[in-house]
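Student: Supplied in structure tokens, the structure appears directly below.
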Amino acid sequence: MRHLHRFTACALLIAAQITAVSATKPASKTADNPLLTESTSPYHVPPFDKIKNEHFAPAIEAGMREQLKEVDAVANNSATPTFDNTVVALERTGRLLDRAERTFDNLNACNTNPEMQKIDKEMAPKLSGHRDAIHLNGKLFARIQELYDKRDSLGLDPESAYLLERYYKDFVRAGAKLSDADKEKLKKINAELATLQTDFEQNVLKERNACSVVVDDKKDLAGLTDDQMASVIAAAKAEHKEGKSVIQLQNTTGQPLLGSLQNRPLRQRIMEASLARNSKGGDFDTRAIVLRTAQLRAEKAMLLGYANWAAYQLEDQTAHDVPTVNKLLADLAPPAVANAEREAADMQKIVDQQNGGFQVASWDWNFYSEQVRKAKYDFDESQLRPYYELNHVILDGVFYAANKEYGLTFKERHDIPVYQPDVRVFEVYDRDGKPLAIFLGDYYARPSKRGGAWMNSYVQQSALFGTKPVVANHLNIPKPPPGEPTLLTHDEVRTAFHEFGHALHGMFSNVKYPRFSGTSVPRDFVEYPSQVNEMWMDWPEVLKNYAKHYKTGEPIPQALLDKVVAAEKFNQGYKTTEYLSASLLDQAWHQLDPSQIPTDAVAFEADALHKAGVDFPPVPPRYRSFYFSHIFGGSYSAGYYSYLWSEVLDADTVEWIKEHGGLKRENGDRFRAMLLSRGGSADALGLFKNFVGRDPYIEPLLKRRGLDRPAGN
């Protein structure tokens with residue numbers, strides 16, 4: 001039974017709104033539904049040009065019916081349970097559902113419309129019930145239990161033995177050992193949680209699209225570059241507000257244009273609009289959803305025998321338990337906040353020198369931190385953008401590094417239909433020249449696309465089915481007006497390398513069972529390989545190859561590069577504190593038992609930040625609870641710490657790679673063979689230890705983030 005999923009990826013999970021995949025037509029005949037049969041396109045890429053809204057629900061429902069028949073055949077098999085007739089047989093079930101649900105979830109995230117959102121809402125509780133029908137099947141679990149009890153005598157290879165262990169744990173954690181009465185309680189909780197998650201995802205996107213800041217007077221936009229001005233004018237046109245300018249909000253609390261805008265009242269408007277999202281009343285308010293979700297998760301955890309939701313979630317991660325995560329966050333919070341306070345003091349000096357007459361607030365941070373950067377390092381971010389043109393970044397940077405490190409080559413294909421004209425398709429060839437995977441690049445923002453950046457998989461690698469990977473990267477880069485270049489920020493370049501690290505994890509997968517394919521690893525491990533791939537963005541050989549001026553072709557000046565490197569630890573107090581604040585909120589919500597759920601979500605959030613010592617107003621959390629889609633709409637609940645946990649492994653691995661020669665095939669081949677190709681087929685932390693030859697060190701992370709200095713320095 002393939003792992004039934006709610007959409008998972010890197011970063012920042014919301015469902016979506018507006019542009020249609022295709023025009024809606026009356027319900028089609030079964031024979032006309034392209035999702036009901038495996039795609040005949042290369043690599044089984046979904047036939048995007050044939051898929052219509054009306055195809056999704058029938059295909060998903062048919063997939064559920066088909067899988068239940070397949071599962072019942074396994075559960076009611078009169079033969080003695082064997083690994084093949086039970087575990088492998090289960091792994092073979094649900095192919096239609098997996099194909100239909102995966103295609104729907106992926107498109108609903110990146111190119112949705114109101115009809116798809118309606119389908120999502122209708123299907124969420126049905127899919128929850130479907131998963132329960134499998135995991136709570138007593139006969140089926142009895143067969144798995146029998147095999148698990150004699151697992152040491154079955155003579156299984158390591159991947160098969162691990163699959164049996166994972167199936168047993170999956171079923172137990174899903175409630176297989178509960179009484180019949182408690183199973184019924186669990187089913188109701190799961191169905192309601194599925195609906196709440198969908199409501200949260202949709203409300204966050206709708207609110208974000210509704211909260212654009214309209215500017216009537218272009219004088220208020222002083223400080224914006226030409227391309228930034230073009231983007232806000234284009235946004236106004238897209239929202240049918242010609243003659244005005246529109247600043248569209250992004251997922252995170254902080255908004256990119258705050259670093260450029262000279263008009264302080266406008267900066268305040270933008271930040272306050274961002275902070276108030278989904279918590280100011282109206283149709284898209286999520287406060288009640290947050291409270292109810294926290295309540296139900298706490299009840300579910302207790303029903304399954306855990307103290308709270310965090311304890312339940314963390315047991316299955318590499319961190320393993322609540323005390324370990326609490327210690328990691330608590331140890332880092334004081335030095336992070338101390339660094340942020342030092343950074344704020346540096347900014348306050350500039351404000352005072354300019355007779356500003358105010359204390360630095362959250363809406364001032366980006367604007368004045370840029371002035372500090374200029375003063376300290378004699379450069380600002382805008383100097384970099386002409387050298388970061390999207391096509392060069394992808395082809396001559398991201399792909400170039402993958403060629404040097406792993407021997408991959410890429411050929412763009414125009415014969416494979418896509419779901420949106422801006423999407424690019426590349427066939428990926430392995431180091432021996434043989435076809436390896438299909439990679440889709442979807443880089444531009446649009447109203448129908450959830451915020452943030454992520455990787456997903458349309459087809460998973462599996463030796464059991466003989467399938468090769470089809471993976472996609474999604475970014476949210478503002479699309480420039482026609483004919484203008486797409487120039488990226490430093491962070492957007494980093495994100496492109498990061499998401500391709502996830503893509504490599506999916507493309508290099510070399511496992512038998514789809515349960516373990518690609519990024520099917522613990523949540524607090526999945527970000528690790530992608531963060532390692534970020535190291536190549538400023539690796540001299542790679543940077544030299546892609547960072548060229550979009551007009552002249554001149555390489556980025558060495559003097560500017562030196563300043564970038566010197567400024568690497570700049571603003572790390574802010575970045576670490578905003579991230580830790582969000583992580584601590586996540587844990588605060590999910591370490592409650594059912595009797596502790598508050599009635600006032602806003603007051604609880606403020607109190608949680610205060611207790612954790614991170615309530616520093618100039619640095620609000622990266623996400624407030626009410627638009628924190630990772631934890632209330634996605635799969636990171638009690639797991640947002642994962643990025644930092646993964647960064648411990650990442651920073652340590654980067655040091656190892658540097659010590660062993662950096663960008664060379666030997667290192668890439670080793671990382672691929674010992675870690676990337678293994679997916680979830682072995683203990684995750686064990687894979688890391690095998691690669692570096694020891695337990696992880698935290699010192700490289702502290703050094704990277706400037707947290708290795710005493711607070712007074």
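Student: Taking the Cα centre of region 325-446 as the origin, how large is its charge dipole in debye, to the nearest 20, when only Lys and Arg (+1) and Asp and Glu (-1) carry charge on their Cβ atoms?
Tutor: 160
Student: Could you work out how far the C-alpha centroid of region 50-82 sits from that of region 308-378, in angstrom?
Tutor: 49
Student: Given a Förster distance of 25 angstrom, what is the FRET efficiency for Ala222 paired with Ala345, based on the Cβ-Cβ distance and rounded to 0.05?
Tutor: 0.40
Student: Work the Kirkwood hydrodynamic radius out for region 246-367: mean of 1/r over every pair of different alpha-carbon atoms, inverted, in Å.
Tutor: Roughly 18.2 Å, rounded to one decimal.
Student: Give a residue-ordered list of calculated ³J(HN,Hα) values for region 282-296 (Karplus: 6.51 cos²θ - 1.76 cosθ + 1.60, θ = phi - 60°; whole Hz; x for Gly, Pro).
Tutor: Result, ordered by residue: x, 5, 9, 5, 10, 4, 5, 5, 4, 5, 5, 4, 4, 4, 5 Hz.
Student: Between Ala273 and Arg173, 0.36 nm times their residue separation minus their Cα-Cα distance comes to what?
Tutor: Additional length available on full extension: 32.0 nm.
Student: Further question on the same structure: Per residue, how much accessible area does region 188-255 show when a 1.4 Å probe rolls over the protein heavy atoms, in square angstrom?
Tutor: Per residue, region 188-255 has 42 Å² of solvent-accessible surface.
Student: Work from the charge dipole of the chain (Cβ charges, +1 for Lys and Arg, -1 for Asp and Glu, about the Cα centre) and give the residue of Leu560, Phe616, Ala402 farthest towards its positive end.
Tutor: Going by the Cα projections, it comes out as Ala402.
Student: Let me ask you something else. If contacts are Cα pairs under 8 angstrom and at least 6 residues apart, what is the relative contact order of the chain in percent?
Tutor: Working: 1232 pairs, mean separation 129.0, N = 713.
That works out to 18 percent.
Student: Determine the share of region 166-294's accessible area contributed by carbon and sulfur atoms, expressed in whole percent, with a 1.4 angstrom probe. Don't skip to the end; give the middle numbers.
Tutor: On the way: 2790 of 5500 Å².
Here carbon and sulfur together make up 51 percent of the probe-accessible area.
Student: Would you mind working out the accessible area per residue for region 559-700, using a 1.4 Å probe, and quoting it in Å²?
Tutor: In whole numbers, region 559-700 has 35 Å² accessible per residue.
Student: Something else now. If you project the alpha carbons of region 430-559 onto their three principal axes, what span does each projection cover, largest first, in Å?
Tutor: Reported extents, whole Å, longest axis first: 51, 36, 31.
Student: How big is the antiparallel share of DSSP beta bridges in the chain, given as a percent to the nearest 5?
Tutor: 80
Student: Between region 485-548 and region 650-713, what is the C-alpha centre distance in whole Å?
Tutor: Value for the Cα centre distance between the two parts: 14 Å.
Student: Same structure, new question: Which FRET efficiency value, to the nearest 0.05, is calculated for Glu38 and Lys434 with the Förster distance at 22 angstrom and r the Cβ-Cβ distance? Numbers along the way, then the final one.
Tutor: Numbers: r = 22 Å, r/R0 = 0.99.
So the FRET efficiency works out to roughly 0.50.
Student: Treating the beta-carbon of each Lys and Arg as +1 and of each Asp and Glu as -1, no other charges, what is the dipole magnitude of region 639-713 about its Cα centre, to the nearest 20 debye? Let's see the in-between values first.
Tutor: On the way: 12 positive and 11 negative charges, 38 e Å.
For region 639-713, the charge dipole is close to 180 debye.
Student: Also, I was wondering about something else. So, in nm, how far is label Ser595 from label Glu554 when the simple model puts each one 7 Å beyond its Cα toward the Cβ?
Tutor: 7.1
Student: Calculate for the chain the 222 nm mean residue ellipticity that helices alone would give, adding -39,500 (n - 2.57) per DSSP H run of length 4 or more and normalising by residue count, nearest 500 deg cm²/dmol. Don't skip to the end; give the middle numbers.
Tutor: On the way: 24 runs with 343 residues, N = 713.
Taken over the chain, the calculation gives -15500 deg cm²/dmol.
Student: Once the dipole of the chain is set up with Lys and Arg at +1 and Asp and Glu at -1 on Cβ about the Cα centre, which of Gln359, Val172, Val215 lies farthest towards its positive end?
Tutor: Val172
Student: Share of region 479-592's accessible area from carbon and sulfur, percent, 1.4 Å?
Tutor: Numbers: 1910 of 3780 Å².
Result for region 479-592: 51 percent of the exposed heavy-atom area is carbon or sulfur.
Student: Is region 561-713 best put as rounded, prolate or oblate by its Cα gyration tensor, with a ≥ b ≥ c the root eigenvalues, rounded for a/c under 1.5, and otherwise prolate when a/b is larger than b/c, oblate when not?
Tutor: Oblate shape, in that a/c is at least 1.5 and b/c is the bigger or equal ratio.
Student: Continuing with this model, one more query. In Å, what Kirkwood hydrodynamic radius results for the chain from the alpha-carbon pair distances?
Tutor: In the chain this quantity evaluates to 26.4 Å.
Student: Simple spin-label model, 7 Å along Cα-to-Cβ: Gln359 to Asp180 in nm?
Tutor: 6.3
Student: At a 1.4 Å probe radius, carbon and sulfur cover how many percent of the accessible area of region 317-428? All intermediate terms of the calculation are to be shown ahead of the outcome.
Tutor: Details: 2330 of 4740 Å².
Within region 317-428, the accessible surface is 49 percent carbon and sulfur.
Student: Placing unit charges on C-beta atoms (Lys and Arg positive, Asp and Glu negative, everything else neutral), compute the dipole magnitude of the chain about its Cα centre in debye, rounded to 20.
Tutor: Its charge dipole is roughly 760 debye.
Student: Something else about it: Among Ala375, Gly63, Ser448, which residue has its Cα positioned farthest towards the positive end of the charge dipole of the chain, with +1 placed on the Cβ of Lys and Arg, -1 on the Cβ of Asp and Glu, and the dipole taken about the Cα centre?
Tutor: Most positive-ward Cα: Gly63.
Student: Per residue, how much accessible area does region 298-359 have with a 1.4 Å probe, in Å²? Write out the running numbers ahead of the final one.
Tutor: Details: 2830 Å² over 62 residues.
Accessible surface, normalised per residue, equals 46 Å².
Student: Holding the Cα-Cα limit at 23 Å, pick out from Lys187/Lys512; Lys126/Lys150; Lys327/Lys376; Lys218/Lys449; Lys563/Lys703 the pairs that are longer than that.
Tutor: Among Lys187/Lys512; Lys126/Lys150; Lys327/Lys376; Lys218/Lys449; Lys563/Lys703, the Cα-Cα distance tops 23 Å for Lys187/Lys512; Lys126/Lys150; Lys327/Lys376; Lys218/Lys449.
The values are calculated or read from the model by the stated rules, or taken from the named source; none is laboratory data. Predicted model only: the values in this text are computed from it and were never measured. As a convention, Cβ positions derive from the backbone with ideal geometry for all residues, glycine included, and neighbour counts pool all protein chains shown. For the accessible areas, the whole protein counts, side chains as well, though only heavy atoms, and no ligand, DNA or RNA atoms are used. Shrake-Rupley method; radii C 1.70, N 1.55, O 1.52, S 1.80 Å.
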